[in-house]
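Okay, structure first, notes after.
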Amino acid sequence: MSLSPEVGILSNNPDSDDIEYWRVAFGKMNEVLSELGLPNHIESETLPDFKSRSQILGFPYGAIHHLRRFYAYAKNVPGWTPTPVPPFDEPWMDPVVEDEASMLESHLICHSDTEGFYLPIDFKKIVIDKSGRNRIPGELLGSSHQLHRELVSIAGPLGIRLDGDQLSDAEADQVNSRCDRNDPFATELMVWLCLFEACRISVELRTAVVLC
Amino acid sequence: MNSDMKAYTFLSFMTRAPIESRDFADKHLSIWGKYFPAIPATRFLDANEKQFLVSEFREQFYDEWAGVCTTWVGEKKRMYGSKDPACKSLHGTVRIYTKANGSSQTQYTAFMKEWAAVSVVDLATLVVFNEEVPEPERTLGAFYAVELPYGLPAVPWAACFGKPYIEMFSREKLDAAPFAVREWLSDDLVYCQLTENCFDYVNNHSSYLERQEAVMQILGRDCFRDAAHPSKRVRVPVFPGLDIPAPTAAIPFPPAIALSDSKREI
């Protein structure tokens with residue numbers, strides 16, 4: 001199966017069991033946020049129409065590690081010339097990635113790669129439930145604002161042209177077409193656009209990004 | 001069920017029909033959408049596990065559907081589906097997995113009957129489980145064509161039996177067995193439901209197993225695999241047109257794993 005960053009988890013008529021399940025999950029996360037003095041997140045059950053401009057809506061579980069590695073190198077290795085993951089390398093085991101992860105700063109890197117949430121609340125420090133009560137699915141809770149900033153920071157090295165922090169429709173089309181060609185960074189671009197669009201919608205509509 | 005308790009619905013359809021055609025693809029999505037408009041099968045996965053919208057990449061979807069293994073998912077992963085085509089020695093299989101919803105039982109069974117009839121199944125199964133289940137129920141949860149030559153693991157909560165199974169069990173025994181619901185959909189297809197509620201395996205476990213055993217006794221215990229005696233020979237139907245090699249040895253049930261792990265294979 002594959003990993004998909006979803007937004008509007010309570011919109012589009014989920015059944016009542018689903019609504020109750022997610023309400024409980026958001027309620028537990030809000031408990032942790034309150035304990036840290038952070039604002040709560042109220043997930044809306046009705047949202048205006050929205051659409052991701054990413055043609056690819058989900059990707060193999062391992063693909064996110066390619067983008068994490070790219071981010072770690074772009075941030076930490078001065079003068080780095082972008083290179084794709086060498087064949088047979090495991091990007092999550094790269095020491096540059098491990099060093100960055102150990103700092104617990106990056107919302108892109110310090111997050112579950114199979115589940116979990118990015119909330120539309122602008123907190124810098126990754127939220128962890130230290131009570132041992134497992135109130136955060138995936139253990140690490142990220143901010144879609146912060147993730148958006150991190151994605152913007154690597155747009156240039158990935159060859160993506162932004163207008164400030166905005167991605168034009170034409171450039172989104174261009175990124176989509178690069179994902180579809182034999183671009184050396186097709187995997188990174190695919191994950192980048194998927195996440196960027198999820199964060200854009202998350203921030204605009206105040207809805208959580210949920211990794212499903 | 002409380003909100004922390006997850007249960008899952010598994011549907012499997014095994015057929016000798018050419019389900020890899022576009023016609024079957026359209027019919028399948030249409031019938032699913034009719035009964036489950038809130039969890040439509042909107043996306044498909046390509047060979048590299050990338051997700052695309054069926055509505056925007058229809059031709060690519062048909063290509064994938066015609067291929068060896070196709071997987072599709074609902075928005076927010078509210079459902080999963082997969083299809084393997086029939087070949088000369090194997091049934092084609094469609095499997096669907098979704099989080100169970102007690103208020104959707106009518107839709108589950110109505111969908112099952114309609115798609116079973118349209119895809120001319122030899123066998124369709126429907127079970128609802130919670131997170132961890134022992135054998136033989138777990139095998140029923142992910143039942144697919146390669147299991148057929150080894151015999152049925154048990155009677156599922158609901159089944160559509162096609163002609164080969166009707167002939168193997170006999171109409172008389174199918175009519176006599178203590179199913180809660182039995183509906184002859186045609187001369188060659190019968191819908192059989194073990195108990196009233198699809199959550200009975202989860203909520204009324206012991207009475208569910210008693211009913212299941214009573215049904216298997218009437219249909220013929222030799223038609224079902226025996227977890228205690230895995231080498232025991234099991235009666236299987238003849239499937240015309242398929243050259244299914246006889247199993248070289250009876251297979252034991254697969255090693256125990258959590259159902260929550262196996263669901264990712266779907």
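Taken together, the values in this text are just the output of simple stated rules run on the coordinates, not laboratory data. Small disclaimer: the values here were computed from a predicted structure and weren't measured. FYI the Cβ positions are ideal-geometry reconstructions off the backbone, even for glycines, and counts take in every protein chain you see.
Treating the angle as unsigned and between 0 and 90°, give the value, to the nearest 10°, between the Cα long axis of helix B:22-35 and the longest Cα principal axis of chain B.
Value to nearest ten degrees: 80.
With +1 assigned to the C-beta of every Lys and Arg and -1 to the C-beta of every Asp and Glu, and no other charges, what is the dipole magnitude of the range B:51-148 about the Cα centre in debye, to the nearest 20?
So the dipole magnitude of the range B:51-148 works out to roughly 180 debye.
Summing -39500 (n - 2.57) over the DSSP H runs of n ≥ 4 in chain A and dividing by its residue number, what mean residue ellipticity at 222 nm do you reach, to the nearest 500 deg cm²/dmol?
Mean residue ellipticity, 222 nm, calculated: -13000 deg cm²/dmol.
Using a simple charge model, +1 on the beta-carbon of Lys and Arg, -1 on the beta-carbon of Asp and Glu, nothing else, what dipole does the range A:2-211 show about its Cα centre, in debye to the nearest 20? Walk me through the numbers before you get to the answer.
On the way: 18 positive and 33 negative charges, 81 e Å.
About 380 debye.
Sorted from fewest to most neighbouring beta carbons within 10 Å, what does the list B:D122, A:D89 look like?
A:D89, B:D122
Obtain the nm distance between the two label points defined at B:V146 and A:V96 by a simple spin-label model: each point lies 7 Å from its Cα along the Cα-to-C-beta direction.
Label-label distance for B:V146 and A:V96, simple model: 4.1 nm.
Treat every Asp and Glu Cβ in the protein assembly as shown as -1 and every Lys and Arg Cβ as +1, leave all other atoms uncharged, and give the resulting dipole magnitude about the Cα centre to the nearest 20 debye.
620
Using modelled backbone amide H atoms (1.01 Å from N, in-plane), which distant-in-sequence or interchain residues come within less than 5 Å of B:F224's amide H?
Residues meeting the amide H criterion: B:R235.
Can you list which of the DSSP-assigned H helices in chain A have a Cα extent of 24 Å or more along the long axis and an average Kyte-Doolittle score of at least 0.0?
Answer set is A:186-205.
Could you state, as a whole-number percent, how many of the C-alpha pairs of the range A:108-212 are farther apart than 19 Å? Before the final figure, lay out each step's value.
Numbers: 2485 of 5460 pairs.
Summing the P(r) of the range A:108-212 above 19 Å gives 46 percent of all pairs.
Among A:199-208, A:37-46, how do they line up by average Cβ neighbours within 10 Å per residue, starting with the highest?
By packing density, highest mean first, the sequence is A:199-208, A:37-46.
Sorted from largest to smallest, which semi-axis lengths in Å does the alpha carbon gyration tensor of chain B give for its equivalent ellipsoid, taking the root of 5 times each eigenvalue? The partial results should precede the final answer.
Working: eigenvalues 152, 94, 66 Å².
Result for chain B: semi-axes of 28, 22, 18 Å.
With no solvent and one point per C-alpha, what does the Debye sum give as log10 I(q)/I(0) for the protein assembly as shown at q = 0.10 Å⁻¹?
-0.82
Label-point separation (nm) for B:D226 and A:W80, each offset 7 Å from Cα along Cα-to-Cβ?
Placing both labels 7 Å beyond Cα along the Cβ direction yields 6.3 nm.
Regarding the range B:1-88, what is the average projected area of its C-alpha convex hull, in nm²?
6.8
What FRET efficiency would be calculated for the residue pair B:N203, B:A47, taking the C-beta separation as r and a Förster radius of 30 Å, to the nearest 0.05?
The formula returns an efficiency of 0.15 here.
At R0 = 35 Å, how high is the FRET efficiency between B:E59 and B:W184 if r is their beta carbon distance? Nearest 0.05 is fine.
Calculated transfer efficiency: 0.30.
To the nearest 10 degrees, how steep is helix B:205-219 against the longest Cα principal axis of chain B, on a 0 to 90 scale?
70
From the Cα trace of chain A, what convex hull volume per residue do you get, rounded to a whole Å³?
Spread over its residues, the Cα hull of chain A gives 131 Å³ apiece.
Arrange the following residues from fewest to most other Cβ atoms within 10 Å of their Cβ: A:D163, B:D63.
A:D163, B:D63
Residues of the range A:169-195 with amide nitrogen under 19 Å from the 7 Å Cα-to-Cβ point of A:D89?
Within reach of a label on A:D89: A:183-192.
In what order do A:Y118, B:Y35 fall by count of nearby beta-carbon atoms within 10 Å, going from fewest to most?
B:Y35, A:Y118
Using just the helices of chain B, give the 222 nm mean residue ellipticity in deg cm²/dmol: DSSP H runs with n ≥ 4 each add -39,500 (n - 2.57), and the total is spread over all residues, rounded to 500.
About -8000 deg cm²/dmol.
FRET efficiency for A:R149 and B:R22, Cβ-Cβ distance as r, R0 = 41 Å, nearest 0.05?
Values: r = 45 Å, r/R0 = 1.10.
Step by step, r from the Cβ atoms, then E = 0.35.
Using the Cα gyration tensor of the range B:92-143, with a ≥ b ≥ c the square roots of its eigenvalues, what is the shape: rounded (a/c below 1.5), prolate (a/b larger than b/c) or oblate (neither)?
Oblate.
Quote the convex hull volume per residue of the range B:100-223, based on C-alpha atoms, as a whole number of Å³.
Spread over its residues, the Cα hull of the range B:100-223 gives 101 Å³ apiece.
Rounded to the nearest 5, what % of the DSSP beta bridges within the range A:2-211 are antiparallel ones?
If we restrict to bridges inside the range A:2-211, about 85 percent are antiparallel.
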